[in-house]
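Engineer: Sharing a structure with you now.
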Amino acid sequence: TKVVFATGSASTEGVRIDAAGSEEPIYASLAADGVLTISTPAASIKLNEGSSALFDGLAALTSVENFGALDFSNVISLLAWFRDCRKMEKVDLSEAAIDGSRILGMNSLFRYMPNLKEIDLGNKCFSDPLVKSPSTFFTGASDKDGERTCSVSGELTIRCTKEAAQWLAGTTLR
């Protein structure tokens, strides 16, 4: 199963899912092969401030394509975005226009992703004082026994710019 974001699309296939009063329509269509396409004739798909847990619990999700189609200008939280996406092996946020200075929370961003092997952050750094480090990317809140445990097994490659690498070096990913 994968999600594909498509902009500049004239297609009206699927169910209209945009909010009342939206400037442009947004459609969702699910193909027989498990591909969910989110499309709009607009240049981008504007996410709202409360976009936490966007893909949370989609255990069968294998990939998300075209994060560059999303407008993150209102987003303040990436909390649990990919939590429990157990089949995903790669998350590529390199094309996502995320303003890291606006992000106030990202606990559990990659929690419970045992097959995750690669993350591409591009130039993403999160400079808000409340998000000093990505140390809770994989753990989130304390587990039931009060300990934080990593939910990624095996090796993990994080691709990023030198600036983002320096930001990552300032923490212990766990």
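Engineer: What is the packing order of peptides 31-42, 111-122, 6-17, taking the mean over residues of other C-beta atoms within 10 Å and listing the highest first? Intermediate values should be presented prior to the final figure.
Structural biologist: Working: 31-42: 15.5, 111-122: 18.6, 6-17: 12.6.
So the order, starting with the most tightly packed, is 111-122, 31-42, 6-17.
Engineer: Determine the per residue accessible area of the stretch 1-129 with all protein chains present and a 1.4 angstrom probe, expressed in square angstrom.
Structural biologist: Numbers: 6110 Å² over 129 residues.
Ligands and nucleic acids excluded, the figure is 47 Å² per residue.
Engineer: Report the extension gain between residue 55 and residue 74 in nm, rounded to one decimal, defined as 0.36 nm multiplied by the number of residues separating them, less their alpha carbon distance.
Structural biologist: Details: separation 19, 0.36 × 19 = 6.84 nm, distance 1.77 nm.
The span from residue 55 to residue 74 would gain 5.1 nm if fully extended.
Engineer: Could you tally the net charge around residue 66, taking each other residue with its Cβ under 12 Å from the Cβ of residue 66, Lys/Arg +1 and Asp/Glu -1?
Structural biologist: Working: positive: 2; negative: 65, 92, 95.
Overall, the nearby charge balance is -2.
Engineer: Another question about this same structure. If you take the Cα Rg of the stretch 1-51 and divide it by 2.2 N^0.38 Å, with N the number of residues, what do you get?
Structural biologist: Values: Rg = 10.9 Å, N = 51, 2.2 N^0.38 = 9.8 Å.
It is 1.11.
Engineer: Taking the Cα-to-Cβ direction at residue 159 and at residue 87 and moving 7 Å from each Cα, how far apart do the two end points lie in nm?
Structural biologist: 2.3
Engineer: Quickly work out the residue 66-to-residue 4 label distance, labels modelled 7 Å from Cα along the C-beta direction, and quote it in nm with one decimal.
Structural biologist: For residue 4 paired with residue 66, the spin-label model returns 0.8 nm.
The values are calculated or read from the model by the stated rules, or taken from the named source; none is laboratory data. No experiment lies behind these values; they were computed from the predicted model shown. Using ideal geometry, Cβ is built from the backbone for each residue, glycine included, and neighbour counts are taken over all protein chains shown. To get the accessible areas, we keep the full protein, side chains included, count just its heavy atoms, and leave off ligands, DNA and RNA. Shrake-Rupley method; radii C 1.70, N 1.55, O 1.52, S 1.80 Å.
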